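Reviewing the structure listed below.
None of the figures in this text is laboratory data; all of them are computed from the coordinates on show. These numbers were taken from a predicted model, which means no experiment stands behind them. For neighbour counting, all protein chains shown are included, and Cβ atoms are generated from backbone atoms with ideal geometry for every residue, glycine included.
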Amino acid sequence: MPAAPTAALLGADTLIQASYFVTAVLFIVGLKRMSSPVTARSGILWAGVGMLVATLVTFAYPGMSNYPLIGAAIVLGAALAWWSGKRVAMTNMPQMIALYNGMGGGAAAAIAAVELYRGGIAGYGEATLAVIGGLIGAVSFSGSAIAFGKLQGLIKRSFRFRGQQVLNILILAAVLACAALLAGHFNVSPHVVTALFVLALILGIGMTLPIGGADMPVVISLYNALTGLAVGLDGFVMHNAAMIVAGTVVGAAGTLLTQLMAKAMNRSLGNVLFSGFGDTAAGPAGTVTGSLKPIEASDVGVMLAFAQKVIIVPGYGMAVAQAQHKIWELCQLLIDRGVTVRFAIHPVAGRMPGHMNVLLAEAGVPYDLISDLDEINAEFETADAALIIGANDVVNPVARTDKSSPIYGMPILNADRAKNVIVIKRGTGAGFSGIENALFYLDNTRMLYGDAQKAGAELIQAVKAIG
Amino acid sequence: MTGIVALYIFMLAAFTGYEVIARVPVILHTPLMSGSNFVHGIVLVGAMVALGNAHTPLEKTIGFIGVLLAAGNAMGGYVVTERMLEMFKSSRTGGPRRGAH
């Protein structure tokens, strides 16, 4: 940014740089605090103050114009996001994260686009960074939009066709060709810039459409990391230290988080992105034998009320039905009767790691009742009943036994080893991965059909009726 | 900023990001993803500068969209993260309501 070297401007510049430094420190401290449950809540405040400081001082940036436009865009964007963020139900958080993340990626792409269209980038190094940052941002933007559409239920199915990977690779090659033209200053015409961004947007769509909904958490986390990286690269182009530090920190942290999530599903990242999870959804027919055995809520109520130990396995069905409050009410009744109640959380239950913990916390479930997979798995054998609430793939025993199953090898909750298994489920359909669940057909399994909230209310009545 | 200094900043920031996340419990994965989503909302300052230096209608249009999206990223990321973490607070201070176990 060439600024006239007058004393006033230098003063403003020093103030801005110092503020950006403070912002970078606040972000890192904030993220550090967010990584522990005790300090997490203050962490977001620290980071928020950092963002506010950086935004305010940027208005004093030397040599800027278009202030009314800038102000209008900020007010409009922030107001829409504030309104939607406050309104959205806790169960829809994952797709909102995808949406806001996509917006960040789009912004990173827009910055690179403005700089490239203006042709103001000197030097191969910065041109390369701008091009890469822009295309990563664009991929993150359209990819996140597809992820949002899938989780929101706007896109119902995964689109796959023969040669899809080949097509994606061809698009990628075309994107890289445009990128090379621009970065090497071979052809910096606006048409090449346009082609770069249009192709990158298509690539993001093409990459994300074939990925099954069960893998979306990993994909959202990956796009989060990519947006961070794009912001960091843009930071180099804009000579903006706050963007470099914040973007790179998020890029690295997001990459690690993505790996942790993929690991929880016992799959590699490449496997998530390129395997087309659920392709074999129809599965090897005939591996599931037996029948689905329905049960009435009153019978389940008796079974739970006179049990020694009940383990609850919540899944996405509980989230969709907003049933967490009813379920906790039921559990409190059982606890009062002397039943030991535990919640078993699979690392990828719901649509994101920790999704169930957030919902149960919302309902007021104390977290000493909540156990993760490693802690609880041995306890299923001693449980009188496992109550599965809208969970499916995470309790499917074929993950242990059937090598041909797409979820083979994924660690599961051993709910099938409980004396009785009660499955609360809306219908007879398969899980999000499209795989038939062998658990539902076991001799000790009974199906309680219905919306999880309604079923929870019925169970509360049933337990109360016992007196 | 010379290239080599920029490279050092990049390297140190990457390690910082890795270390900050390295030992985080599973229950905080979603809030933390949301929190880091908010942090890359800093793209707002870059978008402001880009729009501030835009001249042609095309540049102004793209710049405007950029600032709009970036502001949405920052504000949305904050609101959502804050709402999530608020619940952790209530579950902690509320504690076991009726005698657990």
### Message
I'd like the distance separating the alpha-carbon centroids of region A:18-78 and region A:317-373, in whole Å.
### Response
35 Å
### Query
What is the set of long-range amide H partners of A:Ile312 at a cut-off below 5 Å, with H atoms built 1.01 Å from backbone N?
A:Arg342, A:Phe343, A:Ala344, A:Leu387
## Note on the structure
In nm², the average projected area of the convex hull spanned by the Cα atoms of region A:1-127 is 10.2 nm²
### Task
Return the FRET efficiency for the residue pair A:Lys86, A:Phe59: r is the Cβ-Cβ distance, R0 is 30 Å, and the value is rounded to the nearest 0.05.
0.70
### Query
Can you run phi through the Karplus equation (6.51, -1.76, 1.60; θ = phi - 60°) for region B:48-56 and list ³J(HN,Hα) in whole Hz, with x for Gly and Pro?
4, 5, 4, 5, x, 9, 7, 10, 6
### Query
Once phi is turned into ³J(HN,Hα) by the Karplus curve 6.51 cos²θ - 1.76 cosθ + 1.60 with θ = phi - 60°, what whole-Hz value does each residue of region B:8-20 show in order, with x for glycine and proline?
4, 4, 4, 5, 5, 5, 4, 4, 4, x, 5, 5, 4
### Query
At A:Phe21 and A:Ile205, where each label point lies 7 Å from the Cα along Cα→Cβ, what is the point-to-point distance in nanometres?
4.6 nm
### Message
Rounded to whole Å, give me the distance from the Cα center of region A:163-227 to that of region A:91-138.
### Response
12 Å
### Task
Evaluate E = 1/(1 + (r/R0)^6) for A:Ala465 and A:Tyr408, where r is the Cβ-Cβ distance and R0 equals 41 Å; express this FRET efficiency to the nearest 0.05.
0.45
## Note on the structure
For region A:369-467, listing trypsin sites (Lys or Arg not before Pro) in a DSSP loop whose Cβ sees at most 13 other Cβ atoms within 10 Å gives A:Lys403
### Query
Quick one: if the Förster radius is 25 Å, what FRET efficiency do A:Arg426 and A:Val198 give, using the C-beta to C-beta distance and rounding to 0.05?
0.05
## Note on the structure
Here the whole-number average of other chain Cβ atoms within 10 Å per Cβ of A:54-62 is 4
## Note on the structure
Once the in-chain neighbours fewer than 8 apart are removed, the lysines whose Cα is under 21 Å from A:Lys263 read A:Lys403
### Message
What does the net charge come to around A:Asn444 if you take all other residues with beta carbon closer than 9 Å to its beta carbon, with K and R at +1 and D and E at -1?
### Response
0
### Task
Please order A:Trp83, A:Trp46, A:Trp328 by the number of other Cβ within 10 Å, starting at the fewest.
A:Trp83, A:Trp46, A:Trp328
### Task
With θ set to phi - 60°, apply the Karplus curve 6.51 cos²θ - 1.76 cosθ + 1.60 along region A:455-467 and write out the HN-Hα couplings as whole Hz, x wherever there is a Gly or Pro.
4, x, 4, 5, 5, 4, 4, 4, 5, 5, 5, 5, x
### Task
Quick one: of A:Lys419/A:Lys454; A:Lys425/A:Lys454; A:Lys86/A:Lys156; A:Lys309/A:Lys419; A:Lys293/A:Lys464; A:Lys86/A:Lys326, which pairs are farther than 19 Å apart, Cα to Cα?
A:Lys419/A:Lys454; A:Lys86/A:Lys156; A:Lys293/A:Lys464; A:Lys86/A:Lys326
